[in-house]
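Each remark here refers to the structure printed beneath this line.
The values are calculated or read from the model by the stated rules, or taken from the named source; none is laboratory data. Because the structure is predicted, anything quoted here is derived from the model rather than measured. We place every Cβ from the backbone using ideal geometry, glycine too, and count neighbours over all the protein chains shown. Heads up: the accessible areas ignore ligands, DNA and RNA and are worked out on the full protein's heavy atoms, side chains in. Shrake-Rupley method; radii C 1.70, N 1.55, O 1.52, S 1.80 Å.
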Amino acid sequence: MNRIPKGDMARASDSLDDDGAQPARVSRGVQSVDVAARVLQALAQARRPLAPGDLAALAGLPPAQAHPYLVSLTRLGLLKRDPMSGSYAPGPMLLRLALLHLENDPAYRAAVPRVVALARETGFCVAISTPAPQGPLVVHFERAAFPLHVNLHVGSVMSLTTTSTGRAFCAFTPLAGWPLAWHEQMPGNADEQHHFAELLDETRAHGMARSVNTPSPSVSSLCVPVFDASGRLRLALTAIGPTAALDVDWQGAAATALRETANAIARQVNEELA
C-alpha cells in the first residue's frame, strides 16, 4: 500500500474540511479597493461630512496615504468635497448605488405602491423605514391630505425611545441587533427604563407601537413592522398625523389599515423569496 509522507499528509489534511471535502477557495481581492472601502465605511459610520484628517483617522490611515484615495473617490463621484470647508460627504455615484440597492429590495418594491395607496386612503402621512446601523432610517415618506408640520424626510433616523418607529424596531429586534445609539438614547433613570420596557411589552402584545403627542406636540403616530418568512424585520410602516385626527386605538381604522397593508407586503415578499 502506498504511504503518504508525513509532510504531505499534513498538507493534505490542511486542504480538506472536517468532512473530507475540499474547502471553498478564498478569492484574492485588490488591496487598494479594500482600503478605499475603509474610507467609505468610516464616512458612513460618522453620518456627517468629515475633514480629510478626521476621515483618515477613522479609516485608520495616515493623512498622506489617505489623500490619493480621497482624490480618486471624489473623481469617481463616490465622494464630494465642499470647496469652502474642505470636508468630504457622500457623492452622487454613492447615492445612486444606494438607491439602486434599495430599489432592488423586494420589501421596498412591495411597500411603496401600497404606502402611496394607504396615504391617499387614510389622509395621513406614511413613512417606510428600514434597519440601519444608526437606527430606523426613513427611505420613503408619503405626504397626504392632513397638514403636518414635522421635520421628517427621507434620510431621517428615528429615535429609538421617543418615536413609535424606534420602539417598534426595539420591540421586534433582538437586543444584540439594536443600533449602538441605544446606549446614548436609553433613559438613565430606573423608573424611565422600566416604563420603556413596559412600552416594548405593550408593542409586542398589540403587534404595533404608538406615540401620542411625542416627540412632537399635537402629532401622533402608529407603527407596524413587516416581517419576512424567517421572522426577520424587513421594514416598518408609520402612519403620522395630527393627534386630533389620527385614531390611535389599537383596533381603530388607522391601525387596521396599517396591519392589512403590512400583511399584504409580507405576503408578496415571501412569495418572491420562496
Quiz item: Can you tell me the Rg and the Dmax, both Å, for the Cα atoms in the chain?
Solution: 23.9, 88
Quiz prompt | Met158, Met208, reordered so the largest accessible area comes first (probe 1.4 Å) | solution = Met158, Met208
Exercise. Could you check the simple spin-label distance between Asn213 and Val33, using points 7 Å along Cα→Cβ, in nm with one decimal?
Key: 5.6 nm
Quiz item: Taking a point 7 angstrom from the Cα of Ala98 along the C-beta vector, which residues in region 41-67 have backbone N less than 14 Å away?
Solution: 41-50
Quiz item: Placing +1 at every Lys and Arg Cβ and -1 at every Asp and Glu Cβ, with all other atoms neutral, what dipole size does the chain have around its Cα centre, in debye to the nearest 20?
Solution: 960 debye
Quiz item: At Val154 and Gln45, where each label point lies 7 Å from the Cα along Cα→Cβ, what is the point-to-point distance in nanometres?
Solution: 2.8 nm
Quiz item: With contacts defined as alpha carbon pairs under 8 Å and 6 or more residues apart, what's the relative contact order of the chain in percent?
Solution: 13 percent
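Could you order peptides 181-193, 165-177, 247-259 by the average number of other Cβ atoms within 10 Å of their residues, highest first?
On the way: 181-193: 11.5, 165-177: 19.9, 247-259: 16.2.
Highest-to-lowest ranking by the protection proxy: 165-177, 247-259, 181-193.
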Quiz item: Expressed as a whole percentage, what fraction of the accessible surface of the chain belongs to carbon and sulfur atoms when a 1.4 Å probe is rolled over the protein heavy atoms?
Solution: 56 percent
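State whether region 172-274 is rounded, prolate or oblate according to the following rule on the C-alpha gyration tensor (a ≥ b ≥ c being the square roots of its eigenvalues): a/c under 1.5 gives rounded; otherwise a/b larger than b/c gives prolate, and the remaining case gives oblate.
On the way: a/c = 2.26, a/b = 1.19, b/c = 1.90.
It comes out oblate by the Cα gyration axes.
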Quiz item: For region 115-166, rounded, prolate or oblate, judged on the Cα gyration tensor with a ≥ b ≥ c (square roots of eigenvalues), a/c < 1.5 rounded, else prolate if a/b > b/c?
Solution: prolate
Quiz item: Could you give the dipole magnitude of region 185-274 about its Cα centre, charging the beta-carbon of Lys and Arg +1 and that of Asp and Glu -1, in debye to the nearest 20?
Solution: 240 debye
Exercise. Please calculate the 1.4 Å probe accessible area of Arg232, with all protein chains present, and give it to the nearest 10 Å².
Key: 130 Å²
Quiz item: Dipole of region 99-229, Cα-centred, from +1 at each Lys and Arg C-beta and -1 at each Asp and Glu C-beta, to the nearest 20 debye?
Solution: 380 debye
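Sort 56-65, 102-111, 217-226 by packing, meaning the average of other beta carbons within 10 Å per residue, with the highest value first. Present the calculation step by step, with values, prior to reporting the outcome.
Values: 56-65: 14.7, 102-111: 17.4, 217-226: 21.9.
Averaged packing, sorted descending, gives the order 217-226, 102-111, 56-65.
If each DSSP helix of 4+ residues adds -39,500 (n - 2.57) and the sum is divided by the residues in the chain, what number results at 222 nm, nearest 500 deg cm²/dmol?
On the way: 10 runs with 125 residues, N = 274.
-14500 deg cm²/dmol, from helical runs alone.
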